[in-house]
1. Taking a temperature of 37 °C and a viscosity of 0.692 mPa s, what whole-number D in µm²/s does Stokes-Einstein yield for region B:3-237 with Rh from Kirkwood over alpha carbon pairs?
2. Beyond 21 Å, what percent of the Cα pairs of region B:57-160 remain?
3. How large is the translational diffusion coefficient of region A:45-124 in µm² per second when you combine the Kirkwood radius over alpha carbon pairs with Stokes-Einstein at 20 °C and 1.002 mPa s?
4. So which lysines pass the test for B:LYS120, namely a Cα distance under 21 Å, with those fewer than 8 places away in the same chain ruled out?
5. Quote the Stokes-Einstein diffusion coefficient, in whole µm² s⁻¹, for region A:93-196, based on the Kirkwood radius over alpha carbon pairs, a temperature of 25 °C and a viscosity of 0.890 mPa s.
6. List, largest first, the extents of the alpha carbons of region A:1-101 along their principal axes, each in whole Å.
7. Can you give the mean number of other chain Cβ atoms that lie within 10 Å of the Cβ atoms in peptide A:147-159?
8. From other protein chains only, count the Cβ atoms within 10 Å of every residue's Cβ in B:134-141, then give the mean.
Amino acid sequence: MELMEYQGLVLAYFLILTAIFVSMHQKAGLEKQLFYGSIRAFVQLMVMGYLLLFIFNLKEFHYLILTLLIMAVVSGQMSAKRGEGVPDAFRIATGGIIIGSSVSLGILVAFGIIETEPRFIIPLGGMIVGNSMYASSLSLNRISSELKARRMEIEVALSLGATSRQAADRSLRETVKSAMIPSIDSMRTVGLIHLPGMMSGLLLAGASPIEAVKFQLIVVYMLTSAVSITCMCVSLFAYRKFFTKNHQLVFISSPDLSNRKGRMSKSQK
Amino acid sequence: MDEKIIIENVCQEKGVKILDNISAKVYDGEIFSIFGPSGSGKTTLLRLINRLDEKTSGHIYLDGVDIDEMDVITLRRRVGMVFQLPALLPGKVYQNILFGPGLFDRSKRDDTALALRYLKLVGLDEELLDRDGETLSVGQQQRVSIARALANEPGVILMDEPTSALDLTATLKIEELIKRLNRELKVTIVIVTHNIEQAVRVSDRSMLIVRGRKIEEGKTKDMLKNPKEELTEEFISGHLEEVR
Ligand SMILES: Nc1ncnc2c1ncn2[C@@H]1O[C@H](COP(=O)(O)OP(=O)(O)OP(=O)(O)O)[C@@H](O)[C@H]1O
Ligand SMILES: [Mg+2]
């Protein structure tokens, strides 16, 4: 790519110098952060670039799967941090992300919509996993606060003979709803308010606008499906942790649960 | 008289001892009150009877069957519960009343005739049926939650301080309702109260618990007139509060 000679990259770095100048002029005191931030971005992206180059050269399918799995586990870990108070958050998040991502990516591959080449699978997989992670965090966070807030309501339902699932029904519904709304909103506004980065990238790389749009649509549908599956799985896995097999709500603050949490975080380390 | 509920050496521990070796009997068709100072373990004991919580040791029998051997859903349908605060479920009054029956028979979810029957049974007006639960007074809400528990046709209803959010007039009316339901439906009622006068007004027999221990069990009037234990006397004279 002629556009991106290293020479050009060095010249582009002058842009950061202008930002440093602005910071100095306005006494914002951000010079150091700007400097280190720009170096960090450089290093991270270069590492990523060479890593991708390496992965793209591994033509074997199982390496692709392995890469995707690693992405899922890492984002599962990130997401679990948002789910403090949910026992087994790491396993739940990772499981949900893996299921959501593989179903939607799997459908695309199975129907032959995208090829199983690293240059498709890796970036798409990254997007899917990233969005699933976001959905998983939202779900984990929401389900525990829903159950907590609806404690009375849930115990009333249980006392009337509801199963844990029936008693948690409203909490589950609210959780899935709140976790899906961001992606529905972004589906509705795509092209109106923002041009997605990926589409801009395709246009820059010389694809025709219609080609770019088609691809973008596939991506939007794929992400929406991944997000919905992930948040459904995560909330269904997570709510169970708050109930015993005898349909008893385990109080979030009770010693039982915090012990379990303690044990889990230890075993994770 | 048959024993409806037998409580046998029940202990509950959660870091600290909450219930210590409680045994008691509740007879079929009676109103039985559990009274005692705040924090003595009354709510805890009640929640063990329909297994909203798990006991540490001991046995509870319903109609002679160990509740641990029963399906927990079946148990809860046979043992209704009225909580301290009414806690109506989001939605209309009739949806609240029909929640229990609707869990097992979808067609009953909109059976307003059924809902109306229970609404009238607890002395509420027909026009409340379609109202949003939140728009009711606390006393009305508590009646709805009694109707909601009754709609499962339980043999026993557990009530945890059902009048603590009400003023005296409303309290007396609910007490009347409790006695009437007990008489008309032959439903056994276990009522928790920290108020000895309420225990006397509504219940045939009572048990006093203090610090998780049973102090005395017997006919409520006898306990009041001739307390066998010193702690009972203390509680009656109002010198036993906040023991924890
Ligand atoms: N999950 C729990 N973990 C630890 N202690 C608990 C738990 N639940 C209840 N307790 C303790 O057990 C004791 C009995 O509580 P319980 O709610 O049964 O009292 P009570 O007799 O119903 O009091 P009140 O009249 O105030 O409602 C209290 O000291 C309470 O702090
Ligand atoms: Mg209580």
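1. Numbers: Rh = 18.2 Å.
Reported coefficient: 181 µm²/s.
2. Numbers: 1889 of 5356 pairs.
Cα-Cα pairs of region B:57-160 separated by over 21 Å account for 35 percent.
3. Values: Rh = 13.8 Å.
It comes out at roughly 156 µm²/s.
4. B:LYS92, B:LYS108, B:LYS173, B:LYS179, B:LYS186
5. On the way: Rh = 16.0 Å.
Rounded to a whole number, D works out at 153 µm²/s.
6. 50, 41, 17 Å, listed from the longest principal axis down.
7. Details: counts 0, 0, 0, 2, 1, 7, 4, 2, 5, 14, 5, 7, 17.
That average works out to 5.
8. Values: counts 0, 0, 0, 0, 0, 0, 0, 0.
Partner-chain Cβ atoms within 10 Å, mean over residues of B:134-141: 0.
Only the coordinates and a few stated rules stand behind these numbers; no lab work does. Bear in mind that the values here come from a model prediction, so they are computed numbers and not experimental data. Neighbour counts run over all protein chains shown; Cβ positions are idealised from the backbone, glycine included.
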